[in-house]
Amino acid sequence: IEKAFEYEKQIRQNALNPQISINISTETFMDLNFIENFKSIMDKHQTNPQNITIEIIEQVCLYDIDIARNRINNLRNLGFKIAIDDFGTGYSNLSYLSDLEVDFIKIDRKFILDLNKEKGKKVLRDIINISHSMGCKVIVEGIENESQLQLIKIFGADFAQGFYFHKPNTFNKIIEYTPLIIWKKNKK
């Protein structure tokens, strides 16, 4: 959290509007002091919450749905966007989508692996449609080739993520890539 907020501030100070996602572990999210600690770090770095999406895995709802709902609402009230990460990894419960105010559903890459089967295509398409009907944007994880990308576009996914675009990298390496050329120009 600390590093992501530092990076957000650095990028924003260079006249860019970063979009950063932070994966929050279940243990961190369910910690009694999570919101208080989170606000403290946010204030320290003068974070613009509109530039950050908080990703939580759907299993946090198994611990206590009321606590999860309360924390999600607190984060949304601060201005952060919320994503349910790895949706469909074994504990999926579609009632979470109607019970929690979230902005994004990140569909786990295992659904991409099933795109060679007709049933797998139908399941992915239906999850995207249900997510949209609940007012959530959909990010499909695990895209590794053009044909997968084209198929999820047809199904109506809003965003795609995966090695097809780029492998994970360090902050210093990322700022070397376009479209962050503005960053380099401002640094000189």
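Details
- Just one of the listed residues (Ile72, Ile67) is among the β-branched types (Val, Ile, Thr) and surrounded by fewer than 17 Cβ atoms within 10 Å (Cβ to Cβ), namely Ile67.
- Residues that are of a type in the set (Ser, Thr, Tyr) and in contact with a helix residue (DSSP H, G or I) (Cβ under 8 Å, 6 or more places away or on another chain) within the range 124-168 comprise Ser131, Tyr164, listed in sequence order.
- The single residue among Asn74, Asn172 that is under 24 Å from Asn17 (Cα atoms), modelled with pLDDT under 95 and not in a loop (DSSP other than H, G, I, E, B) turns out to be Asn172.
- Every condition in (1) open to solvent by 60 Å² or more (accessible area, probe 1.4 Å); (2) over 19 Å from Ile139 (Cβ atoms); (3) touching a helix residue (DSSP H, G or I) at 6+ places or on another chain (Cβ under 8 Å) is met by Glu27 except one, and the failing one is (3).
- Of the residues in the range 103-123, at least one is touching a helix residue (DSSP H, G or I) at 6+ places or on another chain (Cβ under 7 Å), open to solvent by 30 Å² or more (accessible area, probe 1.4 Å) and among the β-branched types (Val, Ile, Thr).
- Per the conditions (1) at pLDDT below 90; (2) closer than 24 Å to Phe159 by Cα, the sole criterion not satisfied by Gln13 is (2).
- In the range 38-60, the residue that is farthest from Ile22 (Cα to Cα) out of those that are assigned to a strand (DSSP E or B) and of a type in the set (A, V, I, L, M, F, W, C) is Ile57.
- Close contacts from the range 10-34, counting a first residue that is under 18 Å from Asn70 (Cβ atoms) and a second that is of a type outside the set (Lys, Arg) and assigned to a loop (DSSP other than H, G, I, E, B), with Cβ to Cβ under 6 Å and a gap of 6+ residues or different chains, come to Thr26/Gln59.
- The number of residues in the range 124-137 being of a type in the set (Ser, Thr, Tyr) and crowded, with 19+ Cβ neighbours inside 10 Å comes to 1.
- Residue count for the range 138-166 under the criterion of being in a loop (DSSP other than H, G, I, E, B) and either surrounded by 12 or more Cβ atoms within 10 Å (Cβ to Cβ) or modelled with pLDDT of 85 or more (or both): the result is 13.
- Any hit, the range 78-97, residues being on the phi < 0 side of the Ramachandran plot, surrounded by 14 or more Cβ atoms within 10 Å (Cβ to Cβ), among the charged types (D, E, K, R) and not in a strand (DSSP E or B): no
- Residues located in the range 12-24, provided they are hydrophobic (A, V, I, L, M, F, W, C), closer than 17 Å to Gln46 by Cβ and surrounded by 12 or more Cβ atoms within 10 Å (Cβ to Cβ): Leu16, Ile20, Ile22
- Checking every residue in the range 110-123 against the condition of being of a type in the set (A, V, I, L, M, F, W, C) and either closer than 30 Å to Asn37 by Cα or at pLDDT 95 or above (or both) gives zero matches.
The values are calculated or read from the model by the stated rules, or taken from the named source; none is laboratory data. Values in this document were obtained by computation on a predicted structure and should not be read as measured data. We place every Cβ from the backbone using ideal geometry, glycine too, and count neighbours over all the protein chains shown. Just the protein is used for accessible areas: all its heavy atoms, side chains included, with ligands, DNA and RNA removed. Shrake-Rupley method; radii C 1.70, N 1.55, O 1.52, S 1.80 Å.
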